[in-house]
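Participant: Here it is, the structure, as structure tokens.
What follows is calculated from the coordinates using simple rules that are stated; it is not laboratory data. Everything quoted here is computed from the prediction, not taken from an experiment. Every residue, glycine among them, receives a Cβ derived from its backbone with ideal geometry; neighbour counts consider all protein chains shown.
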Amino acid sequence: MDDRLAGLLNNFELRARVFQAGPLCHSASFDAKDGLGYIHFLKRGRIKVNIAKQPAFFLDAPSLLFHMNCPSHRLLPQGDDVDMVCGSFEFGAGLKNPLSQALDDVMVLKLSDTTTLAASVALLFIEAEEEHCGRQAVLDRLIEVIIVQLLRDLMDEKRLQIGLLAGLSEPKLARAINAMHNEPARTWALEDLASIAGMSRSQFASKFRGTIGMTPGSYLTEWRISIAQSMLRRGKPVQLIANEVGYASASALSRAFIKQVGTSPTDWKKQDT
């Protein structure tokens, strides 16, 4: 099977930073306005989780909280034995890429429910307890590894019913999605994608929309504009970007960009810097 995450990881840079590793002695608050995602690991103890516009809940077993589209939230230790590792991350530096739009605001997973993360999480906890040289760098890289493993787990275990990862968990749809990811500049006809998926045109269109939540054409446009944003951030000129993501000219890309984002590529770049 093709690497289902390669297109995302190649176009959107994942960076993580651990800021809490050890006893959590007081409440910690996180603001949705900072544009970051957050991942929290409860090693031991009991915490109360307050999330904006959602009922509060408690965790008292080793667990993972994953916030891709981070709402404002607060962690409150319920006792003096709470031990946690917490990190922030960027996936495309806050860009609204297809992956970020495909995940729930908050995901909670008991560590006992996934064996695929066990070795990496165990190493994370061991490293958090030590004071070795390079500790921060190791913790940061481990968080990045665990996030990739988590995305893999969500696909392999079919934990999501709709969105990009749900589509990538379906082998037939995954072939078509990977094709768009690998060749965004190609003029993709519905018949071409259906053939790659090994489905009839009508079956593919229905399955794609029901699983991804949008038509193949709409998804391709989102993918192209997301890549364009990532390339703009890296300083590439609009004309070059247009050629690489399937638009005949800079003006054609600008029209699509404005329709999708609400502003021109040039203005968006100014706002982003």
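Participant: Long-range amide H contacts for PHE19: which residues qualify at under 5 Å (H placed 1.01 Å from N, peptide plane, sequence gap of 5 or more or a different chain)?
Facilitator: For PHE19, whose amide H was placed from the backbone, the distant partners under 5 Å are CYS86, GLY87, SER88.
Participant: May I pose another question? Given an 8 Å cut-off on Cα distances and at least 6 residues of separation, report the relative contact order of segment 145-193 as a percent.
Facilitator: The normalised contact order for segment 145-193 reaches 20 percent.
Participant: OK, next. Mind checking which aspartates and glutamates have their Cα closer than 18 Å to the Cα of LYS158? Skip sequence neighbours fewer than 8 apart in that chain.
Facilitator: Hits, sequence-local ones excluded: ASP2, ASP3, ASP104, ASP105, ASP113, GLU170.
Participant: Moving on to the next point. Ratio of Rg to Rh for segment 170-272, alpha carbon only, Kirkwood?
Facilitator: With Rh from the inverse mean 1/r over Cα pairs, Rg/Rh is 1.02.
Participant: At each listed q (0.11, 0.15, 0.18 Å⁻¹), what is the log10 of I(q)/I(0) that the Debye formula gives for segment 6-156 modelled as equal alpha-carbon point scatterers?
Facilitator: Values, matching the q order: -0.39, -0.76, -1.13.
Participant: Enumerate lysine pairs in segment 170-272 that are 8 or more residues apart or on different chains, then count those whose Cα atoms are under 24 Å apart.
Facilitator: 6
Participant: Roughly how many debye, to the nearest 20, is the charge dipole of the chain about its Cα centre, given +1 on each Lys and Arg Cβ, -1 on each Asp and Glu Cβ, and no other charges?
Facilitator: Computed about the Cα centre, the dipole is about 940 debye.
Participant: At a Förster radius of 35 Å, what calculated FRET efficiency corresponds to the Cβ-Cβ distance of ASN182 and ARG46, to the nearest 0.05?
Facilitator: That pair, ASN182 with ARG46, gives E of 0.15.
Participant: Related question: Please report Rg over Rh for the chain, where both radii come from the alpha carbon positions and Rh follows the Kirkwood definition.
Facilitator: With Rg and the Kirkwood Rh in hand, the quotient comes to 1.00.
Participant: Shifting gears a bit: Taking the dipole about the Cα centre of the chain, with the C-beta of Lys and Arg at +1 and of Asp and Glu at -1, give me whichever of ALA21, MET155, LEU220 is farthest to the positive side.
Facilitator: Farthest towards the positive pole: LEU220.
Participant: Treat every Asp and Glu Cβ in segment 6-156 as -1 and every Lys and Arg Cβ as +1, leave all other atoms uncharged, and give the resulting dipole magnitude about the Cα centre to the nearest 20 debye.
Facilitator: Dipole of segment 6-156, to the nearest 20 debye: 340 debye.
Participant: Then there's this: May I ask you to compute the full-extension gain from GLN54 to ASP267, defined as 0.36 nm times their residue separation minus their alpha-carbon distance, rounded to one decimal in nm?
Facilitator: Stretched out fully, the GLN54 to ASP267 stretch lengthens by 73.2 nm.
Participant: For Cα pairs less than 8 Å apart in space and 6+ apart in sequence, what is the mean separation divided by the residue count of the chain, i.e. the relative contact order in percent?
Facilitator: After rounding, I find 17 percent.
Participant: Have a look at GLN203, GLN161, GLN20 and tell me which one the Gaussian network model of the chain (Cα, springs below 10 Å) gives the largest fluctuation.
Facilitator: Residue with maximal mean-square fluctuation among GLN203, GLN161, GLN20: GLN203.
Participant: Using alpha carbon centroids, what distance separates segment 166-216 and segment 1-75, in Å?
Facilitator: 31
Participant: Do you know the relative contact order of segment 6-156, to the nearest whole percent, from alpha carbon pairs under 8 angstrom that are 6+ apart?
Facilitator: After rounding, I find 30 percent.
Participant: Say the dipole of the chain comes from +1 at the beta carbon of Lys and Arg and -1 at that of Asp and Glu; which of LEU123, LEU232, PHE91 then lies farthest toward its positive end?
Facilitator: So the residue furthest toward the plus end is LEU232.
Participant: Could you work out how much longer the chain between SER195 and THR115 gets when fully extended? Use 0.36 nm per residue separation minus the Cα distance between them, nm to one decimal.
Facilitator: Gain in length upon complete extension: 25.3 nm.
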